[in-house]
Every structure is written in structure tokens, then in C-alpha cells.
Amino acid sequence: MDAMLQEIVAKYNYWIYVVLMMIGFYAMIGKSNLVKKLIGMNIFQTAIILMFISAGVKKGGGIPILDKQAVLERGVEAASIVNPLPHVLMLTAIVVSVSVTGVALAILQRIHGLYGSLEEDEILEKIDR
Amino acid sequence: MKKRALLSTLFTGALLLYGTGDFPPWGDPNAPAARHVSPLYIEKSVEDTHVPNIVTAVLADYRGYDTMFETIVIFCAGVVVVSALRRPDA
Amino acid sequence: MKEHYTLPQDRPIGPSLIIELSCRIMIPFIQLFALYVIAHGHYSPGGGFQGGVLLGAAYILMAIAFDQKTSMRFFPLRVNTALAGTGVLIYTGTGIACALLGGLFLDYSALEPLFPLGPVEWRSMGIFIVEVGVGLAVMSIMVSLFWDLASGGRLDRGL
């Protein structure tokens with residue numbers, strides 16, 4: 001019981017984000033409307049971004065914005081500042097997510113113009129005919 | 001269809017939750033992600049660049065190449081949307 | 001069950017004085033705050049991407065609250081395409097200028113011969129220059145994406 005509680009306290013942030021990822025994943029494969037699939041992909045990407053940010057936290061650490069004078073005089077210890085590398089990589093990931101959503105919405109407009117509907121099974125039977 | 005989707009989602013979720021057994025505990029300062037290049041960035045960035053914000057210094061100076069391609073990615077997204085949607089007025 | 005959706009053009013709303021007046025007051029402050037976020041990327045959370053999105057959001061607010069034609073009158077299409085290319089050009093141009101003056105690509109301390117500041121201060125200035133470039137590119141692309149997606153490519157009337 002004690003070991004299980006310790007496991008839960010050590011890992012529960014990853015579990016929350018896995019649940020959010022699976023919600024987005026179900027929306028991507030289980031819904032038949034194309035816009036709902038796109039929103040599922042957006043939820044998935046957001047869950048990944050949040051998981052990386054939460055994996056870089058250090059216990060008792062401060063934010064990665066330092067005091068210039070104090071650091072130039074005394075130096076800074078790496079264990080007291082939160083890991084800045086996931087923040088940097090996730091800025092790029094957010095911009096990629098926005099770009100992919102924009103391009104996907106443009107393609108969805110063209111699909112709607114060509115086939116008249118945004119439901120996956122109606123489009124598939126119009127293609128097969 | 002929905003039942004198959006739900007089953008595969010639950011199976012993938014179970015696999016991922018089993019995989020989190022190997023992750024470092026939350027808030028561990030000795031995690032592998034915080035060891036190789038990240039202490040170098042924290043300790044050296046203010047004296048190398050005189051910029052107090054470590055995230056901006058890493059994004060635009062140490063990893064400036066990635067940010068350049070990031071800007072090109074968002075520019076290409078704009079170009080793609082223009083070329084997919086705009087028609088010459090007939 | 002597949003419903004039929006009514007397009008927004010079929011439900012005319014019309015101009016509203018409260019929305020127009022409050023947006024007319026808010027938009028300059030949004031732009032000013034966006035410039036503040038870009039310029040203070042060194043000292044507080046912010047930088048190029050965040051400030052660029054805020055600048056774009058000001059014009060998108062204008063396109064939603066008034067009319068898309070009003071937004072395109074304040075930010076013409078030619079200026080939009082020119083600024084998008086200029087933003088990427090500033091970033092790449094800084095990198096090439098660093099390489100031409102003797103250092104590596106995107107090594108800002110090699111820009112020393114242009115203006116005597118010191119190699120460490122030039123790194124800080126180089127970070128600021130590329131953030132301005134990124135902000136311009138992101139602003140133009142956000143506004144262009146919204147115009148194209150909201151009007152279906154025709155650019156005459158939006159949402």
C-alpha cells in the first residue's frame with residue numbers, strides 16, 4: 001500500500017497526460033466527422049506539450065528567468081532552476097501545431113467544396129462510386 | 001467501428017501507463033533530461049549572452065538554427081493556405 | 001445523426017455600436033502590449049512568437065468586430081505578403097551577415113566590426129534582431145491565415 005502510494009505520488013502527472021492523450025486519440029479514430037478528428041489531433045498535441053513541460057520540473061526549483069547582477073557576481077546552481085530545455089522545444093511544437101491546424105482547415109474547406117459534406121463515410125462512398 | 005476504436009484506445013492507454021513505470025519520479029533533479037546539456041545552458045547563458053531569460057537565450061542563440069527553420073515552417077504554412085484556397089477571379 | 005448547419009451569412013447580425021466602440025478603444029492597446037512583449041523578451045516571458053501572435057490578434061479582432069474589408073484596409077494585402085517575407089529575410093540575413101563577416105552561421109559575436117559594442121553585447125543585440133524578424137513573420141502569417149480561412153479564399157467578406 002505504501003509502495004503504491006509512493007508510485008502514485010511520483011508518477012501521477014504522467015498518468016493524467018496519458019489520459020488526455022487517449023481522449024484525443026479516441027477522437028481521432030472513433031469519430032466520423034473530419035473536423036472532430038482535427039480537434040482530436042489538437043488535443044493530442046496539447047497533451048504531449050504539457051507532458052514535456054511537466055517532465056522538466058525540479059523539486060523546489062525556480063523559473064528560468066534570473067537576476068543578471070546576482071548571477072554575474074555569484075553564479076547560479078543548476079539544481080535550483082527548472083530545466084529550460086523542454087520549454088524551448090515546446091515553443092516550436094506549439095507553432096507546428098498551429099501551422100498544421102491552419103493547413104488542415106484549408107484542405108477541409110476544399111474537401112467540402114468538392115464533395116459537399118464533411119462526414120467520412122459519405123465522402124468514402126462518393127469516392128468509391 | 002466505435003467499439004473497435006474504444007478497445008484500441010484502451011489498449012494503447014494501458015501500454016503507455018505500463019511504460020510510465022520506467023520514467024524518473026516527478027521533480028527529480030537527477031533525471032536524465034536535466035543532466036547533459038541543460039546544466040551547461042543554465043550556468044553559462046547569462047555570462048555568455050547577458051540575457052536574463054534563459055529560455056529566450058537558448059531559443060534564439062544556442063538553438064537559433066531550429067528557430068530559423070521554425071519561422072520557415074510557419075511561412076510555408078501561410079503559403080500553402082494561400083495556394084490552396086485563393087482562386088484567380090474568373 | 002447528421003444535422004444540417006446554417007451558415008453565418010444566413011443569420012444577419014448587423015453592426016453593433018457597443019462592439020465597434022469597445023474594439024476601437026482596445027485595438028491600439030493590444031498592439032502596444034504586443035510590442036512590449038516582443039521588446040521584453042530578454043527580461044520576462046515573451047519574445048518573437050508570442051508578440052507576433054498578439055499583433056496578429058489585433059487585426060483579427062478588427063476583422064471579427066467590424067468587417068473583413070475594414071481590416072484589409074488597415075493592413076493591405078501587399079504589405080502583408082511583403083512583411084511575411086521580410087521577417088524570414090531578417091532572420092536568414094542576420095545569419096548570412098554573421099557568416100560573411102568571418103564567424104559561423106548565426107554566430108552573433110562576429111557582427112562586431114559593424115558597431116563597437118563588444119562581442120557579448122552583440123549576442124544580446126543579435127537575439128533582439130532575430131526576435132523582431134520572427135515577430136513580423138508570425139504576425140503576417142496569422143492574419144493571412146485568418147483572412148483566407150474565414151472567407152474561403154475569396155477575401156471579400158468574412159465571418
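The values are calculated or read from the model by the stated rules, or taken from the named source; none is laboratory data. Here the structure is a predicted model, which means the values were calculated and not measured. Every residue, glycine as well, gets a Cβ built from its backbone with ideal geometry; the counts of neighbours run over all protein chains shown.
Structure above, values below:
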{"quantity": "The range B:1-49: number of residues that are charged (D, E, K, R) and surrounded by fewer than 13 Cβ atoms within 10 Å (Cβ to Cβ)", "calculated": "5"}
{"quantity": "Test: A:Val35 is more than 9 Å from chain B (Cβ to nearest Cβ), surrounded by fewer than 19 Cβ atoms within 10 Å (Cβ to Cβ), farther than 16 Å from B:Leu15 by Cβ and among the β-branched types (Val, Ile, Thr)", "calculated": "yes"}
{"quantity": "Residue in the range C:86-100 that is in contact (Cβ under 8 Å) with a residue 40 or more places away in the chain and away from chain B (no Cβ under 13 Å) present", "calculated": "no"}
{"quantity": "Single residue of the range C:114-134 satisfying the filter (at the interface with chain B (Cβ under 10 Å from one of its Cβ atoms) and touching a residue at least 60 places away in the same chain (Cβ under 8 Å)) that is surrounded by the most Cβ atoms within 10 Å (Cβ to Cβ)", "calculated": "C:Val134"}
{"quantity": "Selected residue (only one of C:Ala84, C:Ala150, C:Ala58 is over 26 Å from C:Ser22 (Cβ atoms) and assigned to a helix (DSSP H, G or I))", "calculated": "C:Ala84"}
{"quantity": "Residues of the range B:11-21 that turn out to be closer than 25 Å to A:Leu5 by Cβ and over 21 Å from the mean Cα position of the chain (by Cα), as a count", "calculated": "6"}
{"quantity": "Residues of the range C:40-55 classified as part of a helix (DSSP H, G or I) and either within 8 Å of chain B (Cβ to nearest Cβ) or more than 16 Å from A:Leu66 (Cα to Cα) (or both), total", "calculated": "10"}
{"quantity": "Matching residues, the range A:108-129, being assigned to a loop (DSSP other than H, G, I, E, B), in contact (Cβ under 8 Å) with a residue 24 or more places away in the chain and more than 25 Å from B:Val80 (Cβ to Cβ)", "calculated": "none"}
{"quantity": "Wholly within the range B:1-68, helices (runs of 4 or more DSSP H) carrying at least 1 residues that are facing another protein chain (nearest Cβ under 7 Å), farther than 30 Å from C:Ile127 by Cβ and hydrophobic (A, V, I, L, M, F, W, C)", "calculated": "B:2-19"}
{"quantity": "Identity of the residue in the range B:80-90, more than 7 Å from chain C (Cβ to nearest Cβ) and surrounded by 14 or more Cβ atoms within 10 Å (Cβ to Cβ), that ends up farthest from C:Val53 (Cα to Cα)", "calculated": "B:Ala84"}
{"quantity": "Residue ID - farthest from C:Ile141 (Cα to Cα), chosen from residues in the range B:69-79 that are at the interface with chain A (Cβ under 9 Å from one of its Cβ atoms) and in contact with a helix residue (DSSP H, G or I) (Cβ under 7 Å, 6 or more places away or on another chain)", "calculated": "B:Glu70"}
{"quantity": "Subset of the range A:87-100 (residues that are among the hydroxyl-bearing types (Ser, Thr, Tyr) and within 9 Å of chain B (Cβ to nearest Cβ))", "calculated": "A:Thr92, A:Ser99"}
{"quantity": "Pick from the range C:135-159, criterion touching a residue at least 60 places away in the same chain (Cβ under 8 Å) and at the interface with chain B (Cβ under 7 Å from one of its Cβ atoms), ranking: nearest to A:Ala106 (Cα to Cα)", "calculated": "C:Ser144"}
{"quantity": "Those residues of the range C:110-124 which are under 20 Å from C:Ala39 (Cα atoms) and over 26 Å from the mean Cα position of the chain (by Cα), in sequence order", "calculated": "C:Leu117, C:Val120, C:Glu121"}
{"quantity": "Leading residue by the ranking (surrounded by the fewest Cβ atoms within 10 Å (Cβ to Cβ)) among those in the range C:78-110 that are of a type in the set (A, V, I, L, M) and within 15 Å of C:Gly48 (Cβ to Cβ)", "calculated": "C:Leu89"}
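Residue-by-condition table, conditions (1) closer than 24 Å to C:Val134 by Cα; (2) under 14 Å from the mean Cα position of the chain (by Cα); (3) at the interface with chain B (Cβ under 7 Å from one of its Cβ atoms); (4) at pLDDT below 90:
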site	(1), (2), (3), (4)
A:Ile53	yes, yes, no, no
A:Gly62	no, no, no, yes
A:Ile65	yes, no, yes, yes
A:Arg74	no, no, no, yes
A:Leu85	yes, no, yes, no
A:Gly116	no, no, no, yes
